[in-house]
Amino acid sequence: MTAAYNEISVAPQNSPAQSKTIKRAESKSSSNGITAAGRMVREWGYGSDFYKHRLTGRHPVQLLASPDDPAPGNSTLGSALLGGDMLFGSESISINERFWTRLDEKNHSFFSYGHRFHWLQDLGQVTDQPQARETAEFLTRLWLNMYGNNWRSDVWNAEILAKRLINWLAHAPLILSSSDLVYRSTVLLSMAKQARHLLRVHIDTDAGLAQIYTTSALTLSGLLLPGGANWYLRGIKGLENIVQDFILPDGGPASRNPADAIRSMQVLILIRNAHHDVKKEQPVWLQPAIDRMGPFIKAMRHGNGNLAHFSGASAEGGHGTDAVLAASEAKGRALESAPHTGYQSLKAGNGHTIVDVGPPPAQNISKHAHASTGAFEFSSGNEHIIVNMGSAAPHGPIPELTHMCRTTAAHSTLIIADRNSTKINDDGSLGKGVTETTFRRDHVDGSVKLNVQHDGYLSRFGVIHERIITLRHDGLKVSGIDCLDGVDKRRLNGAEALIRFHIHPLVTPASTPDGRITLETQSGKLWIFDVIGGTSRLEDSLYIPRPDEISATKQIVIRISPSDEAALSCKWFLERINTR
């Protein structure tokens with residue numbers, strides 16, 4: 001299997017050219033299409049005493065195993081928990097009897113973090129494990145007293161419940177090491193009740209990654225809790241179907257968010273390991289799915305380990321991604337071409353350019369996606385130079401950034417009249433805009449040349465955006481041509497086209513007297529940016545390495561003058577000038 005994936009991953013480099021047209025996927029009908037009224041009726045029923053009775057059943061007396069979580073937590077956050085505070089972004093809650101009540105007052109992201117028990121990962125990283133178990137048991141006891149037998153729509157939400165079950169099962173030593181047999185029995189009984197509820201609601205959530213979690217939680221519950229055969233059968237069958245739809249043939253997720261591939265890989269590893277722990281043969285499709293994701297994830301990382309900022313991914317996670325990849329046992333090399341997900345990775349020397357060549361994901365799974373078609377990032381060795389802004393959390397210091405980061409202007413690409421290449425609808429989904437892209441990739445004398453076109457501005461302005469990016473054989477020069485052409489360019493009607501190049505905050509830009517721009521990296525390497533067919537200047541920008549962290553930076557902005565006579569075209573290049 002490994003040899004096969006190695007062969008696939010290097011195929012683009014060995015072929016003289018590769019080209020493909022990618023059409024935007026249509027939203028698939030989902031079996032969770034329940035009306036709001038129907039959901040309200042069902043949820044009313046879930047809160048009744050009769051439904052509590054329906055959640056009773058066989059009382060598990062032990063946990064059959066607890067697979068290791070491949071994703072490491074944050075030891076700093078874990079230490080804070082031992083010190084008496086749960087931290088989330090810039091907020092905190094004291095660990096005391098009122099903890100869960102006070103959590104209701106926090107933003108949804110903090111609320112979800114707490115009720116998902118994601119913090120168990122952080123406690124798992126501290127040195128003082130006896131105290132970590134004491135803290136985990138204290139919070140779990142409080143939770144069981146408030147919610148163990150009392151259904152509440154937000155606390156027992158299908159996705160939150162699923163993640164809670166996964167964390168309880170993967171970090172069971174933290175919550176089940178007590179000598180109090182009554183408490184241990186209560187935890188196991190709650191796991192069983194939550195699994196029974198999840199069996200009924202596991203598809204009543206958003207399509208895509210959320211259903212990866214719900215079916216994974218069912219599968220793990222069936223494997224690790226006695227008497228869970230029905231949970232296992234329903235979970236593993238549902239998971240197989242969702243993985244088949246969500247993980248594309250090149251290993252990328254249908255959401256086009258590279259981080260979703262890591263999250264999916266994490267839970268699939270847990271399921272693989274749980275099969276091994278209980279000595280049950282794993283499904284034949286499971287390890288090949290993990291193997292397929294590995295080369296894609298590797299392709300979407302820069303030399304410093306950071307993920308490229310596309311479709312909601314954050315640059316953070318180098319250490320966690322390393323751990324998940326190591327646990328995956330996926331040996332395939334990094335892909336150069338991910339034609340189904342719509343990304344291209346150009347490598348030469350120490351230079352690495354990652355380009356978005358695809359249309360947005362299907363509308364029903366696009367609520368966190370970005371209007372970034374044609375955007376790219378560039379790094380040299382461990383130094384990130386050209387970036388996209390990133391993805392901001394709604395609970396951050398500037399809530400408006402959540403929407404702003406999804407716009408075309410937040411990415412290193414061309415934008416017309418400050419209009420997104422794909423519309424961001426009021427409900428957060430991506431609507432009209434890019435429906436089709438075409439790319440061609442060539443390798444010439446060690447250099448890599450990529451041509452990508454998209455139709456995001458065709459219906460509104462009558463033009464196609466074509467971008468040609470070339471990474472020189474030594475990786476010390478990346479050059480490009482951006483062109484707008486079409487049968488009716490008059491529809492531009494004087495609209496201004498801007499090309500943005502967001503700069504990493506560790507790079508220092510400066511304008512030169514001759515109109516060029518120098519970029520000095522933290523190690524002292526000097527790059528020069530120049531343009532032909534437009535005018536460039538430095539403007540302010542932001543960089544968001546993590547959803548709740550904001551750094552001030554700069555961006556290069558090129559302005560192209562409208563013309564009805566010929567295609568609007570601009571040439572630019574970025575070249576390192578001190579090569580010692």
Using r as the Cβ-Cβ distance of Asp104 and Arg537, and R0 as 51 Å, what FRET efficiency do you calculate, to the nearest 0.05? 0.60
Have a look at Leu223, Val478, Ser337 and report the one farthest towards the positive end of the charge dipole of the chain, computed about the Cα centre with Cβ charges (Lys/Arg +1, Asp/Glu -1). Leu223
For segment 273-321, what log10 I(q)/I(0) values come out of the Debye formula at q = 0.17, 0.19, 0.27, 0.29 1/Å, with one point per alpha carbon and no solvent? -0.66, -0.72, -0.96, -1.04
Accessible area per residue, 1.4 Å probe, Å², for segment 138-273: what's the number? 29
Cα-centre dipole for the chain with unit charges at Cβ (Lys and Arg positive, Asp and Glu negative), debye to 20: 1060
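Taking 0.36 nm per intervening residue step and subtracting the Cα-Cα distance, what contour gain separates Ser185 from Ser511 on full extension?
110.6 nm
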Report Rg/Rh for segment 168-221, rounded to two decimals, where Rg is the Cα radius of gyration and Rh the Kirkwood radius. 1.07
Read-out mean projected area of the Cα convex hull in nm², derived from the coordinates shown; its label in (i) 27.5; (ii) 33.0; (iii) 38.8: (i)
For segment 97-203, the Kirkwood Rh over every pair of distinct alpha carbons, in Å, works out to 14.1
Separation of the Ser90 and Glu436 label points, Cα + 7 Å toward Cβ, nm: 4.7
Ignoring any ligand, DNA or RNA, what whole percent of the accessible area of segment 422-470 comes from carbon and sulfur when the probe is 1.4 angstrom? 48
Starting from 0.36 nm per residue, how many nanometres of slack lie between Ser569 and Asp427 once their C-alpha separation is accounted for? 47.6 nm
Once Asp68 and Asn150 are pulled to full extension, the length gained, defined as 0.36 nm per residue separation minus their Cα-Cα distance, is 26.5 nm
With a 1.4 Å probe and all protein chains left in place, how much of the accessible area of segment 119-218 comes from carbon and sulfur atoms, in whole percent? 48
When the accessible area of segment 282-331 is split by element with a 1.4 Å probe, what percent falls to carbon and sulfur? 54
Along principal axes, largest first, the alpha-carbon spread of segment 199-326 in whole Å comes out as 47, 30, 23
For segment 387-392, what does the Karplus curve 6.51 cos²θ - 1.76 cosθ + 1.60, with θ = phi - 60°, yield as ³J(HN,Hα) per residue in whole Hz, taken in order and with x for Gly and Pro? 9, 9, 4, x, 9, 9
Going by alpha carbons, how many degrees (0 to 90, nearest 10) lie between the helix axis of 286-299 and the longest principal axis of the chain? 40
To the nearest µm²/s, what D does Stokes-Einstein give for segment 193-256 at 37 °C and 0.692 mPa s, using the Kirkwood radius over alpha carbon pairs as Rh? 277
Lys/Arg +1, Asp/Glu -1 at C-beta; the chain dipole; positive extreme among Ile354, Gly515, Thr435: Thr435
Rounded to the nearest 0.05, what FRET efficiency do Arg490 and Leu233 give with R0 = 60 Å and r taken as the Cβ-Cβ distance? Could you check? 0.45
Expressed as a whole number of Å, what is the distance separating the alpha-carbon centroids of segment 149-186 and segment 118-140? 14
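The values are calculated or read from the model by the stated rules, or taken from the named source; none is laboratory data. Just so you know, these numbers come straight off a predicted model, no measurement behind them. Cβ sites come from the backbone with ideal geometry, for glycine too, and all protein chains shown count toward neighbours. We work out accessible area using only protein heavy atoms, side chains counted, and drop any ligands, DNA or RNA first. Shrake-Rupley method; radii C 1.70, N 1.55, O 1.52, S 1.80 Å.
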